1. Hey, could you check the stretch 295-340 for residues that are part of a loop (DSSP other than H, G, I, E, B) and among the β-branched types (V, I, T) and say which is farthest from A237 (Cα to Cα)?
2. Do we find a residue being under 20 Å from A62 (Cβ atoms) and either among the basic types (K, R) or modelled with pLDDT of 90 or more (or both) anywhere in the stretch 197-209?
3. Being under 19 Å from I155 (Cβ atoms) and surrounded by 18 or more Cβ atoms within 10 Å (Cβ to Cβ) is the requirement here; does G121 meet it?
4. Would you point out which residue out of L114, L132, L70 is in contact with a helix residue (DSSP H, G or I) (Cβ under 8 Å, 6 or more places away or on another chain), modelled with pLDDT of 90 or more, at negative phi and open to solvent by less than 60 Å² (accessible area, probe 1.4 Å)?
5. Of the residues F216, F186, F211, which is part of a loop (DSSP other than H, G, I, E, B), of a type outside the set (G, A, S) and more than 25 Å from E318 (Cβ to Cβ)?
6. Would you mention how many residues in the stretch 231-258 are out of contact with any helix residue (DSSP H, G or I) (no Cβ under 6 Å at 6 or more places or on another chain) and either part of a strand (DSSP E or B) or farther than 15 Å from P310 by Cβ (or both)?
7. Suppose the filter is at pLDDT 95 or above, of a type outside the set (G, A, S), in a strand (DSSP E or B) and open to solvent by 30 Å² or more (accessible area, probe 1.4 Å); does V292 pass it?
8. Residues in the stretch 35-67 that are surrounded by 13 or more Cβ atoms within 10 Å (Cβ to Cβ), free of Cβ contacts under 8 Å to residues at least 40 places away in the same chain and β-branched (V, I, T): how many?
Amino acid sequence: MQNNKIQNNIQNNKIQNTSSSPVLIGLQFPEGLKKHAVPLSLLLEEKTGAQVLISADPCFGACDLDVSLLSQVDLLFHFGHSQLEQTDLEKKVFFIETRSKADVGPAVTAALPLLPEKKIGILTTVQHVHQLDTVRRLLENAGKEVILSRGDNRIAYSGQVLGCNFSAARSCENSPDAKKCEAYLFIGSGRFHPIGIALSAQKKVVCADPFLSEAFELDFRKFLMQRSAVIGNSMEANLFGIIVSTKNGQCRKKLAKRLKQKAEEHGKKAVILQMDLVTPDQMLNFSVDAFVNTACPRLAVDDSGRYPVPVLTPQEFEIVLGERCWEDLVLDEILEGERE
């Protein structure tokens, strides 16, 4: 958990404590790492003399800093995620990234028969970015040309994607040296990230799961069918609830206002609902025909069956209004400069 890094940041004048009271630091963890919070807090207080406050609220990423805790402490350590584009809010936040120890070799080896293409773009999440050199060597030893591109300024590393940002995939397509990329190899678990890559880049994606030592070619037809059903069920909607998150990395008020204006231009009605934590239960009391989500893009997808009415992404809402073709469906992204 990088205890030495935290201790050094406190002791090496990373913060200026001009009072006689102890330094006050905050700790924030995603759900899977919260088990480390109590022992680390006790260790820090013993080793540094600082006082520690632990955020016990849910945490979904670097987009979800505990702003209330941050306002109370001298320094906040946020675990598990890489930093997004820096704002004034994050000046006293240190991001302690976590790395997976899973061996990527067997999964990449399993992926090779699925990749007859020559030029391969490689992409992953922050948990595996330190292993991309290993992935590159394995592919090059198999006779492949490897393409590793950098996304926009919300992306900390070359080859990294977020659940809300696939700009590294488009960078592969747009750069002069990489525009002939023929397929992508995604290193990681789950299907959400590779679906975003496939829809964003319009290319074949093979997934290599280091935890299962398995590989498969992505088939996102079921996903498209599910999203098409949500869009279809919203075609007769007249009143839309446009969701805006107050979370630091998800707040897109200007987008919400534009979508409201678009609705009205098409003879529809819309209201803007601002909240911090977006859950299906919170939506039950709002009498609308459909929601449009401008918060975390995964909210409209992962829990879609639990909402009382359809939940659309901004791009899907454009299809409902007739401003976008069905064939142009992509996953929603939060790109550089969109936080408001």
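The values are calculated or read from the model by the stated rules, or taken from the named source; none is laboratory data. Since we're looking at a predicted model, the values are computed, not measured. When we count neighbours, we look across all protein chains shown, and the Cβ atoms used for this are built from the backbone with ideal geometry, even at glycine. Keep in mind that these areas ignore ligands, DNA and RNA; they rest on the heavy atoms of the full protein, side chains included. Shrake-Rupley method; radii C 1.70, N 1.55, O 1.52, S 1.80 Å.
1. Filtering first and then ranking leaves I334.
2. Yes, the stretch 197-209 contains a residue that is under 20 Å from A62 (Cβ atoms) and either among the basic types (K, R) or modelled with pLDDT of 90 or more (or both).
3. Here the answer is yes, as G121 does meet what is asked.
4. The conditions single out L70.
5. Result of the check over F216, F186, F211: F211.
6. Counting residues in the stretch 231-258 that are out of contact with any helix residue (DSSP H, G or I) (no Cβ under 6 Å at 6 or more places or on another chain) and either part of a strand (DSSP E or B) or farther than 15 Å from P310 by Cβ (or both) gives 16.
7. No, not satisfied.
8. 2
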